[in-house]
Amino acid sequence: MKNFDRYGTVEIDEENRITGFKEKEFRQYGFINGGIYLIRADVFKNANLPQKFSFEKDFLEKFYQEINFYGLPFDDYFIDIGIPEDYERAKRELSGRVSG
């Protein structure tokens, strides 16, 4: 993304391995952590997580140095539906794109 402050960023190396996370603050450019995650179920069992946990804080940010996580940069349409206004916008914008 460009010129944003709503999201934290994820840092990746030349092999797309995740090397760090940065908190939310204004950035001129950065990769945000969002999308689709592919993780083997046994990875969660071995992480000794509580019944309820934050995927980002308690898993990704805690274990990225122990477990090889990779990110794939993607430069296309993105909308965060985490706030009501954007959720409504996504429903409007995507209503004609998805067939049911």
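The values are calculated or read from the model by the stated rules, or taken from the named source; none is laboratory data. Note that this is a predicted model, so its numbers are computed, not measured. With ideal geometry, Cβ positions are generated from the backbone for all residues, glycine too; neighbour counts draw on all protein chains shown.
Before moving on, here are some points about what is shown:
- Contact map, the stretch 46-57: residues that are closer than 18 Å to Asn33 by Cβ paired with residues that are among the polar types (S, T, N, Q) and surrounded by 11 or more Cβ atoms within 10 Å (Cβ to Cβ), Cβ distance under 7 Å, separation 6+ or inter-chain. Pairs shown: Glu56/Asn33.
- Meets criteria (more than 21 Å from Phe78 (Cα to Cα) and either at pLDDT below 90 or loosely packed, with under 12 Cβ neighbours inside 10 Å (or both)) for Asn3: no
- Taking (1) surrounded by 10 or more Cβ atoms within 10 Å (Cβ to Cβ); (2) assigned to a strand (DSSP E or B); (3) without any contact (Cβ under 8 Å) to a residue 40 or more places away in the chain in turn, Thr19 satisfies each apart from (3).
- Check on Tyr77, among the hydroxyl-bearing types (Ser, Thr, Tyr) and surrounded by 11 or more Cβ atoms within 10 Å (Cβ to Cβ): no
- Restricting the stretch 52-74 to residues that are touching a strand residue (DSSP E or B) at 6+ places or on another chain (Cβ under 7 Å) and surrounded by fewer than 11 Cβ atoms within 10 Å (Cβ to Cβ), the residue that is modelled with the lowest pLDDT is Pro73.
- Selection count where residues are under 24 Å from Arg6 (Cβ atoms), hydrophobic (A, V, I, L, M, F, W, C) and not in a strand (DSSP E or B), scope the stretch 22-77: 9
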